[in-house]
Amino acid sequence: MTADEIRDEILDILSDIVPDEDLTALKDDVPFREQIELDSMDFLDIVMELRKRYRVQVPEDDYVELATMAGTVTYLEPLLKDAQKA
Amino acid sequence: MYDVLIIGAGMSGLAAGVRLAQFGLRVCILERHTTIGGLNSFYRRDGRNYDVGLHAITNFQPKGSKHGPLPRLLRQLRFSWDEFEWTPQLKSAVVFPAARLDFSNDLTMLESEIVRAFPSQADSFRRLVDAILPYDGLEQPRGRESARAVFAQYISDPLLVEMLLCPLLYYGGAAEHDTDFAQASVMFRSIFLEGFARPAQGVRLILKLLVRRFKELGGELRLRAGVRRIVIAGEEVHHVELDDGVDLQANSVLSSAGWCETMQLCGEQSALCEQVSPGQLSFVESIAVLDCPPQALGHPYSVLFFNDSGRFHWEKPRHELTDVRSGVVCSPNNFAYVDDNGPKEGMIRMTALANFDRWTALTGGEYEQEKVTAREAIYASAVRFVPDFRPHVVATDTFTPKTIRHFTGHDNGAVYGAPQKRRDGTTHLRNLFVCGSDQGWVGIVGAMMSGVVMANRHCLQPTVAR
């Protein structure tokens with residue numbers, strides 16, 4: 001997947017996890033938590049969704065990499081380079 | 001071979017099941033009974049729907065709220081707010097002979113009631129609320145300070161302390177007489193700061209939504225599948241043996257049976273079980289169907305807590321079957337329904353403390369007779385505080401500690417489980433965890449939250465770390 005496709009996929013996952021949040025104005029370099037209501041339980045959901053959809057494992061120590069959209073895309077790009085968008 | 005076996009299809013087990021099935025784990029929920037719900041269930045009798053357990057959910061917050069247990073729970077389970085048709089309370093009350101305090105889901109009502117009934121305590125009450133605010137109801141409460149003692153540090157009128165504690169203990173006090181301040185704070189928040197609501201169709205709607213979702217996600221629910229034994233090999237559960245002799249295997253087991261009850265299933269009657277003494281507090285509840293809405297009789301309250309002296313006795317009745325000095329009167333009609341979607345008939349549910357041992361010692365004929373006696377005694381006690389509804393009763397049903405024991409499997413029919421809580425859910429076995437009543441979260445929202453958090457911590461996170 002390309003960086004743009006990964007970004008779309010993360011938005012799709014977020015819209016499942018926090019359906020009531022407006023994601024259209026999400027800024028890529030500002031932490032998710034400062035823009036939308038997202039706590040540690042929700043972060044687990046992002047990780048579990050990635051695992052379910054793409055069999056990507058994100059160890060707990062790496063959760064910090066997922067703080068922003070830009071960080072998440074950068075972190076996932078090498079892991080998902082061969083993956084097809086579901 | 002399953003990823004996770006869950007023991008018990010009550011609120012916590014079902015919520016845990018939904019959470020795990022959501023991420024593709026192979027999950028099976030094992031329920032001994034032919035119905036789901038455990039303590040919170042429903043049945044049909046003579047053409048009428050009855051609910052047991054839930055009077056109202058606590059921790060209610062209006063649509064659009066993002067903080068606190070209820071919004072967080074709905075998010076974790078991916079339910080929308082509207083699916084449950086949450087209907088907030090009208091108003092509730094605590095009534096003692098010398099004072100009445102009305103309260104609603106807006107704290108200002110209780111504050112103004114305290115100004116009216118206890119003018120000298122108004123500032124103290126606000127300071128108590130400030131002390132309670134840090135307990136957000138998400139983190140499990142810790143700390144052993146007596147709630148009575150801490151409340152009394154703020155509030156000098158003992159009557160007000162008793163009146164505030166009465167609803168908190170009735171809706172979640174697992175130990176006799178008192179609870180710890182942290183637990184009381186969580187209860188205080190859930191009742192006075194957040195508040196009461198009811199799904200328009202009662203508890204059945206919550207259970208149906210959970211089960212439907214669980215099955216849609218590929219989860220397996222087995223009814224009439226009681227667990228007879230948890231069979232251990234070394235430091236872990238090897239398999240689970242059902243009442244009918246079937247063996248089931250799983251990577252981990254999440255038990256909502258209660259701490260002692262789970263240890264007994266492991267064959268650990270002695271040491272591990274004695275760490276926690278079983279709870280002693282059980283209830284009789286009598287449901288009265290009326291020929292008119294309670295409002296028509298001049299009873300406007302959603303939930304009314306009464307106590308007939310200045311001191312509230314939260315204890316197992318020693319010498320009688322049922323203690324009717326105090327009680328809770330819940331009127332499912334008195335919630336803010338829209339479009340007439342509430343109960344079709346008038347109904348009042350009354351709850352009082354009861355002695356499990358005495359109820360279970362009765363023979364069949366005595367038992368039926370004592371149910372009638374208890375019902376009449378609860379009615380007679382309640383009508384000292386609410387309008388006399390007795391001429392309007394058209395149908396009744398009564399359940400006892402024996403019924404609670406039957407449907408929950410809890411030792412002593414203890415509604416809120418054992419007084420000491422196993423907060424982290426771990427056991428002496430690597431792959432056995434507990435959720436539900438014995439975890440320190442209370443109420444329906446708390447029970448479901450317990451299932452979700454234990455599923456996250458012990459069943460989902462390890463799969464990530466692996």
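The values are calculated or read from the model by the stated rules, or taken from the named source; none is laboratory data. All figures in this text were calculated on a predicted structure; none of them were measured in a lab. Every residue, glycine as well, gets a Cβ built from its backbone with ideal geometry; the counts of neighbours run over all protein chains shown.
Odds and ends about this structure:
- Taking the stretch A:53-86 as the range and being in a helix (DSSP H, G or I), within 11 Å of chain B (Cβ to nearest Cβ) and under 20 Å from residue A:15 (Cα atoms) as the test, the residues that pass are A:53, A:63.
- Which listed residue is farther than 20 Å from residue B:230 by Cβ and either within 14 Å of chain A (Cβ to nearest Cβ) or in contact with a His (Cβ under 8 Å, 6 or more places away or on another chain) (or both), from B:415, B:442, B:452, B:393: B:452
- Residue B:364 of a type in the set (Gly, Ala, Ser), without any contact (Cβ under 8 Å) to a residue 60 or more places away in the chain and crowded, with 21+ Cβ neighbours inside 10 Å: no
- Residues in the stretch A:1-23 that are within 13 Å of the chain's Cα centre (by Cα), acidic (Asp, Glu) and within 12 Å of another protein chain (Cβ to nearest Cβ): A:16 alone.
- Top-ranked residue of the stretch B:143-162 - restricted to ones that are acidic (Asp, Glu) and under 26 Å from the mean Cα position of the chain (by Cα), ranked as farthest from residue B:124 (Cα to Cα): B:145
- Residue pairs meeting the criteria (Cβ under 6 Å; at least 6 apart or on separate chains; first on the phi > 0 side of the Ramachandran plot, in the stretch B:287-315; second surrounded by fewer than 17 Cβ atoms within 10 Å (Cβ to Cβ) and not aromatic (Phe, Trp, Tyr)): B:298/B:387
- Selected residue [touching a strand residue (DSSP E or B) at 6+ places or on another chain (Cβ under 8 Å) and of a type outside the set (Lys, Arg)] from B:79, B:60: B:60
- Taking the criterion of being farther than 17 Å from residue B:78 by Cα and more than 10 Å from chain B (Cβ to nearest Cβ), the residues of the stretch A:24-52 that qualify are A:24, A:25, A:26, A:27, A:28, A:29, A:30, A:31, A:32, A:33, A:34, A:35.
- Hits in the stretch B:53-76 - residues which are under 15 Å from residue B:199 (Cβ atoms) and modelled with pLDDT under 85: B:53, B:54
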